[in-house]
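Report on the following structure.
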Amino acid sequence: MIFDTHAHYNDSRFDSDRDELLSSMNAGGVGLIMNACSNLDEIPDIIAMCEKYPFMYGAVGIHPEDAAGAGSDYLYRLREYAKHPKIKAIGEIGLDYYWTTETKAEQQRILGEQVDLARELGLPVIIHDREAHKDCLDILRAHRADECGGVFHCYSGSAEMVREITDGLGMYIAFGGSLTFKNAKKPREAAMAVPSDKLLIETDCPYMTPVPYRGKRNSSLYLTEVVNMLAQLRGMAPEEIERITEENGRRLFKISA
Ligand code: NI
């Protein structure tokens, strides 16, 4: 069974067929989905989906691109929303120096505050790190992210950095469609370096569609392409990749069978 540990099914690109698509997940081999969150406005829709679909869980958090609009009461509101039994993580949070460099200071401040919140609530963090590896690791260490745990989603760092995350911080690493891209030498090397008990898979759908579906809207049903690539890279059967990544995801997000 596949556990998609990072999706955005509240995205408007699913408005026309969301129910039909999500209803087809179990038949398509997808057994669990973690829906990530970018800002406070998205949370009511995410919670409604989690209540409708037994296999869907959610996260709450402010994405670095939304850092400037967080508002002074954002931590209070995240804390309230996080009381919902199907909210299992704080995320996605992090640093993005690729799209938004002018808000670096804001991004760093709300990342640290949200890691503190995750520790207070005993929830893991979902980390978005784009072109900001050093600052991201520094903040996670300073705010003791090893105490709440979490995952680096859509990992774009090096194979060398893997151990700093898995051993140093005890965190997990997730790979998605970008692993199947033609020029994906660096992520493939990183995917081979991740210990088996720290490996996760994700779509980041509707984005990051794997080969050979690039150009189409992504969905959890395409994750078999990522599973097959990981199986090939690590010399394991696809069923084994599905099994260990599901187990790892359940352990990280504290979702029992
Ligand atoms: Ni995402």
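Nothing in this text is a laboratory measurement; each read-out follows from the coordinates by a stated rule. These numbers were taken from a predicted model, which means no experiment stands behind them. Here Cβ is always computed from backbone atoms with ideal geometry, including for glycine, and neighbour counts include all displayed protein chains.
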Worksheet item: What does a probe at Arg163 reach in the range 179-201, counting residues whose amide N is under 13 Å from the point 7 Å along Cα→Cβ?
Response: 193-195
Response to the item:
Rounded to one decimal in nm, the spacing of the 7 Å Cα→Cβ label points at Leu233 and Lys86 is 3.1 nm
Item to complete: Find the Rg to Rh ratio for the range 210-257, where Rh is the Kirkwood radius over alpha-carbon pairs and Rg uses the same atoms.
Response: 1.05
Discussion item. Which one, Ser38, Ser219, Ser72, has the greatest fluctuation when you compute a Gaussian network model over the chain with C-alpha springs under 10 angstrom?
Written reply: Ser72
Discussion item. Need one number: nm distance between label points at Trp99 and Ala68, each 7 Å from Cα along Cα→Cβ, rounded to one decimal.
Written reply: 1.3 nm
Worksheet item: Can you give the extra length, in nm with one decimal, that the chain gains between Asn183 and Asp146 once fully stretched, where that is 0.36 nm per residue apart less the Cα-Cα distance?
Response: 10.1 nm
Item to complete: Give the Kirkwood hydrodynamic radius (Å, one decimal) of the chain, defined as one over the mean of 1/r across all pairs of different Cα atoms.
Response: 18.0 Å
Worksheet item: Given the pairs Lys83/Lys254; Lys134/Lys186; Lys88/Lys198; Lys86/Lys254; Lys88/Lys186, which are separated by over 20 angstrom at their Cα positions?
Response: Lys88/Lys186
Worksheet item: What ranking of Cys50, Cys136 emerges when the number of other C-beta atoms within 10 Å of each C-beta is taken as an exposure proxy, fewest first?
Response: Cys50, Cys136
Worksheet item: Which value in Å does the Kirkwood hydrodynamic radius of the range 1-94 take, with 1/r averaged over all unlike C-alpha pairs and then inverted?
Response: 13.6 Å
Worksheet item: Which residue, chosen from Pro212, Ala174, Thr245, occupies the Cα position most advanced towards the positive end of the dipole of the range 170-257, where the dipole is computed from +1 (Lys, Arg) and -1 (Asp, Glu) charges on Cβ about the Cα centre?
Response: Pro212
Practice prompt. At a temperature of 4 °C and a viscosity of 1.567 mPa s, determine how fast the range 44-143 diffuses translationally according to Stokes-Einstein, using the Kirkwood radius over alpha-carbon pairs as Rh; express D in µm²/s, rounded to the nearest whole number.
Written response: 94 µm²/s
Discussion item. Using a 7 Å offset from the Cα along the Cα-to-Cβ direction at both Glu120 and Glu106, what is the distance between the two label points in nm, to one decimal?
Written reply: 2.2 nm
Discussion item. Order these by the 10 Å Cβ neighbour count, fewest first: Thr209, Thr224.
Written reply: Thr224, Thr209
Discussion item. Test of understanding: ordering Asp197, Asp15 by Cβ neighbours within 10 Å, fewest first, what list do you get?
Written reply: Asp15, Asp197
Worksheet item: Using modelled amide H (1.01 Å from N, peptide plane; none on Pro or chain starts), what sits under 5 Å from the amide H of Cys205, excluding residues fewer than 5 places away?
Response: His8
Worksheet item: What is the ratio of the Cα radius of gyration of the range 185-236 to 2.2 N^0.38 Å, where N is its residue count, to two decimals?
Response: 1.16
